[in-house]
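The values are calculated or read from the model by the stated rules, or taken from the named source; none is laboratory data. What you are looking at is a predicted structure, and each value in this text was computed from that prediction instead of being measured. Here Cβ is always computed from backbone atoms with ideal geometry, including for glycine, and neighbour counts include all displayed protein chains.
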Amino acid sequence: MKFIKRSIQNQIVQSLQPQKVIVLLGARRTGKTVLLNQIIEQIQEPFLLLNGENMTMAELLANRSPQNYRQLLGDKKVLLIDEAQKIDQIGKVLKLMVDEIEGLKIIATGSSAFDLRNLAGEPLTGRKKNFRLFPLSEVEYLQVENRFEKRENMEARLIFGNYPELLNIVGAKEKSDYLQDVVSSYLLKDILAFENIRNPSKIFNLLRLIAYQIGNEVSYQELGKQLGMSKNTVEKYLDLLSKVFVIHKVGGFSKNLRKEIVKNVRWYFYDNGIRNTIIANLNPLRMRNDVGTLWENYIFGERIKFQHYNRMLVNNFFWRTYDQQEIDWVEEREGKLFGYEFKWNPKKKVSAPSGWRNAYPDAFFEIITPENYFNWVN
């Protein structure tokens with residue numbers, strides 16, 4: 001069985017300090033529990049590992065008193081809580097622990113941003129450091145493949161995505177079965193649990209429409225008409241889907257509101273396999289008419305991983321004008337602008353739009369293709 005060391009493992013171990021909480025967030029099945037076990041092998045101190053989905057453990061933590069927590073921990077100096085969002089008032093629980101138990105170090109993982117980000121945010125101000133775990137990245141795959149294998153394997157990942165367990169699944173049918181299980185059993189689990197939504201089919205149908213609009217601006221009103229729901233409900237559901245790390249929103253960039261579109265947004269999936277399973281199309285590239293869309297969504301995900309794992313300070317946008325000039329990806333960082341176009345065909349010649357050059361003459365511009373993409377995400 002193949003295991004890959006995650007890019008942020010050493011960062012987390014180095015950040016493990018007394019009186020601090022490390023918050024590790026990521027979608028279900030992206031390897032948070034495996035990463036915890038790998039971290040356990042590195043630490044040289046007694047530890048206690050709890051699972052927030054175990055009701056007995058949750059009840060033990062419900063008695064919020066330093067005495068209860070000291071008794072629970074005993075001589076343990078490291079506490080690891082998996083799926084911590086399941087524990088009521090987890091932010092206050094963790095705050096009390098790190099404030100009252102000298103020398104305690106904590107790692108808490110969660111598959112949704114509901115409680116860990118919203119409820120834990122204020123109580124843990126100044127006491128926590130956040131990390132995100134994504135499906136496997138192109139950089140991480142270097143542990144099990146060389147650069148000559150990467151192109152062929154990357155084409156398969158455009159279809160099946162990067163969930164870690166796929167490494168140990170060989171056949172296309174078996175990979176399809178695995179992804180269908182992830183979508184049906186895990187994808188919406190946190191939304192349904194926290195929001196008590198009784199009709200998950202509407203959320204699934206919304207995701208399906210979003211999957212067909214990657215790289216295009218999304219109209220909430222139009223989506224609402226197609227789904228028979230209000231614009232506000234569409235926005236609410238999309239926000240929930242972003243909080244369980246299924247999709248990600250990108251807004252428009254502008255310094256010239258008269259010519260540039262900023263009100264609309266685009267949505268991307270964090271993982272191609274999830275996107276393709278939702279539209280029930282796991283056909284190979286040679287049988288697809290959406291290869292450009294697959295490439296754009298895939299390279300978006302790889303860049304987001306790179307930014308987070310390198311803790312970049314950056315704002316991400318797309319750029320488009322009312323006369324249909326556009327750039328797929330714009331980064332605002334280090335006081336500069338960087339524009340990128342995503343093209344599957346490396347022979348296709350593209351230059352920066354005239355509107356971009358005129359408005360931002362000092363901005364950088366580059367085409368990202370399968371031939372040069374690895375330098376952009378490594």
- Only residues that are out of contact with any strand residue (DSSP E or B) (no Cβ under 6 Å at 6 or more places or on another chain) and not in a helix (DSSP H, G or I): list them for segment 94-107, please. 101, 102, 103, 104
- Can you work out which of the residues in segment 41-93 that are part of a helix (DSSP H, G or I) and touching a Ser or Thr at 6+ places or on another chain (Cβ under 8 Å) is surrounded by the most Cβ atoms within 10 Å (Cβ to Cβ)? 84
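Let's see how each residue does on (1) in a loop (DSSP other than H, G, I, E, B); (2) within 26 Å of residue 181 (Cβ to Cβ):
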position: 3; (1), (2): yes, yes
position: 13; (1), (2): no, no
position: 21; (1), (2): no, no
position: 33; (1), (2): no, yes
- Message: If residue 232 satisfies all but one of (1) touching a strand residue (DSSP E or B) at 6+ places or on another chain (Cβ under 7 Å); (2) surrounded by fewer than 16 Cβ atoms within 10 Å (Cβ to Cβ), what's the number of the condition it fails?
- Response: (1)
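Looking at this structure, is residue 350 surrounded by fewer than 18 Cβ atoms within 10 Å (Cβ to Cβ) and of a type in the set (Val, Ile, Thr)? Reasoning before the result, please.
Details: surrounded by fewer than 18 Cβ atoms within 10 Å (Cβ to Cβ): yes; of a type in the set (Val, Ile, Thr): yes.
It is true that residue 350 is surrounded by fewer than 18 Cβ atoms within 10 Å (Cβ to Cβ) and of a type in the set (Val, Ile, Thr).
Table: residues versus (1) of a type in the set (A, V, I, L, M); (2) under 29 Å from residue 184 (Cβ atoms).
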residue	(1), (2)
4	yes, yes
9	no, no
16	yes, no
24	yes, yes
28	no, yes
34	yes, yes
37	no, yes
40	yes, no
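Out of the residues in segment 168-185 that are surrounded by 15 or more Cβ atoms within 10 Å (Cβ to Cβ) and out of contact with any helix residue (DSSP H, G or I) (no Cβ under 6 Å at 6 or more places or on another chain), which is nearest to residue 369 (Cα to Cα)? Walk me through it before giving the result.
Looking only at segment 168-185, we keep the residues that are surrounded by 15 or more Cβ atoms within 10 Å (Cβ to Cβ), and these are 169, 175-176, 178-179, 182-183.
Filter again for out of contact with any helix residue (DSSP H, G or I) (no Cβ under 6 Å at 6 or more places or on another chain), leaving 176, 178, 182.
Details: 176: 27, 178: 29, 182: 30 Å.
It comes out as 176.
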- Message: I need every pair where a residue in segment 273-298 that is in the same structural domain as residue 180 (by TED's automatic domain parsing) and within 23 Å of residue 340 (Cα to Cα) has its Cβ under 7 Å from the Cβ of a residue that is in a loop (DSSP other than H, G, I, E, B) and small (Gly, Ala, Ser), sequence separation at least 6 or different chains.
- Response: 293/215; 296/215
- Of all residues making up segment 268-284, the number that are touching a helix residue (DSSP H, G or I) at 6+ places or on another chain (Cβ under 6 Å), hydrophobic (A, V, I, L, M, F, W, C) and either in a helix (DSSP H, G or I) or surrounded by 23 or more Cβ atoms within 10 Å (Cβ to Cβ) (or both): 2
- Could you please let me know if residue 355 is touching a residue at least 40 places away in the same chain (Cβ under 8 Å), of a type outside the set (A, V, I, L, M, F, W, C) and crowded, with 16+ Cβ neighbours inside 10 Å? yes
